[in-house]
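Here is the structure we will look at.
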Amino acid sequence: MGVLAVGKSLRQEGWLANKGLRFDDDVAEALYSPNRLVPTYTKSQITPLKNNYNGATPGPGYIPAWHLTLDGLSSGVAVSLDIRTLLTRHQIHDQITRFVCVEGWSAIAWWAGLKFDDLLQAYPPVSQAKWARLESSVNLDSSGNPDPYFVSIDLATAHHPQTLLATHFNGKPLTVDHGAPLRLLAPVKLGLKNIKAITRISYMRDESKDYWAERGYSRYDGI
């Protein structure tokens, strides 16, 4: 087989694989139910959760100046919140759920934080919004260089009663390894959607780009 034929074959295989991913995503999204809860566990069932930071784990230097920016709000004005404000204005909920990584491993972990739904109620997005883009501007690549990480989740997932903006892990404030001071914990999604050290949440009508979807992975990543 010639080089041109090989190249064409690889492109066809890539197109077919992407088409298959899109089909799987569409089916998963169609079957999603906001009333379906993932199993919860007891503290005796907790297992170790490794640090699986995308790229290099950042140092703690960003934490003192950390704030969360919210935009795409119905008010038309962006909001900046620090961790103290989030902790004092919102009820903190505990849950022990399974964290599932796309790499094939899982762990049962104890999280606490505010419900994403509570944040949505306190700071409503624009009426036509269907998606949330979450970004970590402090994320680093494997060489330690700035590499903002970003994910896109549908607002149905954000409203799910088990979706947290986690502030605590195993009864203590999050460490840098686990995304201090605020990370997404959506147990209905694979771990790559559970972004650490969130610095911005933007609400929008159309689905935004997603870090791993741009690299050939599923965009929906439901469990």
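The values are calculated or read from the model by the stated rules, or taken from the named source; none is laboratory data. Treat the numbers as computed from the prediction; the structure is a model and nothing was measured. Cβ: placed from backbone, ideal geometry, glycine included. Neighbour counts: every protein chain shown. Surface areas here come from the heavy atoms of the whole protein model, side chains and all, with no ligands, DNA or RNA. Shrake-Rupley method; radii C 1.70, N 1.55, O 1.52, S 1.80 Å.
Before moving on, here are some points about what is shown:
- Segment 204-223 - residue that is more than 14 Å from the chain's Cα centre (by Cα) and not in a loop (DSSP other than H, G, I, E, B) and, of those, surrounded by the most Cβ atoms within 10 Å (Cβ to Cβ): M204
- Of all the numbered requirements in (1) at pLDDT 95 or above; (2) among the hydrophobic types (A, V, I, L, M, F, W, C); (3) open to solvent by 60 Å² or more (accessible area, probe 1.4 Å), M1 misses one, and that requirement is (1).
- Residues satisfying the stated conditions in segment 139-179, i.e. closer than 16 Å to A109 by Cα and under 15 Å from the mean Cα position of the chain (by Cα): Q162, T163, L164, L165, A166, T167, H178, G179
Listed here are the residues, each with its yes/no results for (1) open to solvent by less than 20 Å² (accessible area, probe 1.4 Å); (2) hydroxyl-bearing (S, T, Y); (3) more than 17 Å from the chain's Cα centre (by Cα); (4) farther than 16 Å from L184 by Cα.
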position	(1), (2), (3), (4)
T85	no, yes, yes, yes
H93	no, no, yes, no
K115	no, no, no, no
D118	no, no, no, no
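- Residue list for segment 163-186, restricted to those being more than 20 Å from P125 (Cα to Cα) and assigned to a loop (DSSP other than H, G, I, E, B): N170, G171, L174, T175, G179, A180, P181
- Qualifying positions in segment 42-83 - surrounded by 13 or more Cβ atoms within 10 Å (Cβ to Cβ) and either in a strand (DSSP E or B) or in contact with a Gly (Cβ under 6 Å, 6 or more places away or on another chain) (or both): A56, L68, T69, L70, D71, L73, V79, L81
- Extreme residue, surrounded by the most Cβ atoms within 10 Å (Cβ to Cβ), among residues of segment 136-156 that are closer than 22 Å to K115 by Cβ and touching a Pro at 6+ places or on another chain (Cβ under 9 Å): S136
- Yes/no for K189 being among the basic types (K, R), open to solvent by less than 20 Å² (accessible area, probe 1.4 Å) and in contact with a Gly (Cβ under 8 Å, 6 or more places away or on another chain): yes
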